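Quick notes on the structure that follows.
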Amino acid sequence: MIPISEQELQLLHQYVYDYCGIALNKKKHLVEGRLYKLLREEGFNSYSSYYNYLLNDKSGAVIKAVIDQISTNHTFFMRENKHFSIFKDQVLPHLKATVKNRDLRIWSAGCSSGEEPYTLAMIIADFFAEDKAIWDKRILATDISIRALEKAKAGMYNTDEMKSLPENWRLSYFNKIDTNKYQVNDKLKKEIIFRRFNLMDKEFPFKKKFHVIFCRNVMIYFDNATKNDIINRFYDYTEPGGYLFIGHSEALNRSDTNYKYVMPAVYRKG
Ligand SMILES: C[S@@+](CC[C@H](N)C(=O)[O-])C[C@H]1O[C@@H](n2cnc3c(N)ncnc32)[C@H](O)[C@@H]1O
């Protein structure tokens, strides 16, 4: 273990916070535990020298490696399952009846290792079973962590990670790799576009607005100002009548947003 001083922690915190909104100022043990290996691999024995290396890195590779270590990517299939029921029973029927040009746009922002967008893709595939060929229903799934996105793109999950999925989904949307592993099949993979995207980027690079945005258990790590700023940009990128799903512990203040409250952790653009 390489100890980090309070001053080193504050410098690193400010850099990471400005870059991606994740606060490390009270996370001394997390930083020491998770960044230790990176320092050793790169041959540094102090956080000050590693910090200078980070500052001088023009390629962006060093901050990406840091983010891969310090971001919390914990997720699982069917997380906050009530959201998926609402999506299937209320949101999709409404969108099917109202969306123009059969061009459905769903964004899973902070998708981590893919369980959330794959769950959405399976619900959508079942829902549009008859009409699937005539709808463009690909999901955009983004995250800042390259490591999490690599796992998402591979779509490989062990039986324990899959235990909450219904048997018919396992049979329809996964290939069995061995006794303990399944992989999302190519047909379902094609329904998701995985991209690296930092929610702190001031400009969202999307040409069209979304009918539904899922950003669950991501803003929990951000302070209120950052969270409100991102929510406002989500609002601008939501189609009128479109939905925002956030994590259950991340409620919005009515006075901070133009979204209308629908039910806990579900909001709608009027
Ligand atoms: C706890 S996971 C949530 C995954 C999934 N949405 C869920 O609810 O289970 C949070 C994810 O947010 C991502 N994240 C954190 N800061 C981010 C940022 N500034 N831009 C994009 N993604 C970010 C992390 O890399 C991580 O994969």
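The values are calculated or read from the model by the stated rules, or taken from the named source; none is laboratory data. As the structure is a prediction and not an experimental result, all values here were calculated from the model. Reconstructed Cβ throughout: ideal geometry from the backbone, glycine too, with neighbour counts over all protein chains shown.
Some values worked out for this structure:
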read-out: Yes/no for Gly60 being touching a residue at least 12 places away in the same chain (Cβ under 8 Å), within 16 Å of the ligand (Cβ to nearest atom) and either assigned by TED's automatic domain parsing to the domain that holds Arg138 or not charged (D, E, K, R) (or both); value: no
read-out: Pair list, Cβ under 8 Å, 6 or more apart: region 64-78 residue touching a residue at least 40 places away in the same chain (Cβ under 8 Å) and of a type in the set (Asp, Glu), other residue outside any loop (DSSP other than H, G, I, E, B) and within 10 Å of the ligand (Cβ to nearest atom); value: Asp68/Ile146; Asp68/Arg147; Asp68/Ala148
read-out: Residues of region 204-231 satisfying the condition of being within 8 Å of the ligand (Cβ to nearest atom), at pLDDT below 95 and not hydroxyl-bearing (Ser, Thr, Tyr); value: Ile220, Phe222
read-out: Meets criteria (crowded, with 17+ Cβ neighbours inside 10 Å, part of a helix (DSSP H, G or I), in contact (Cβ under 8 Å) with a residue 40 or more places away in the chain and over 21 Å from the mean Cα position of the chain (by Cα)) for Leu9; value: no
read-out: Total residues in region 82-113, condition touching a residue at least 40 places away in the same chain (Cβ under 8 Å) and either within 16 Å of the ligand (Cβ to nearest atom) or of a type in the set (Gly, Ala, Ser) (or both); value: 11
read-out: For Lys37: the one exception among (1) among the basic types (Lys, Arg); (2) closer than 23 Å to Asp223 by Cα; (3) in a helix (DSSP H, G or I); value: (2)
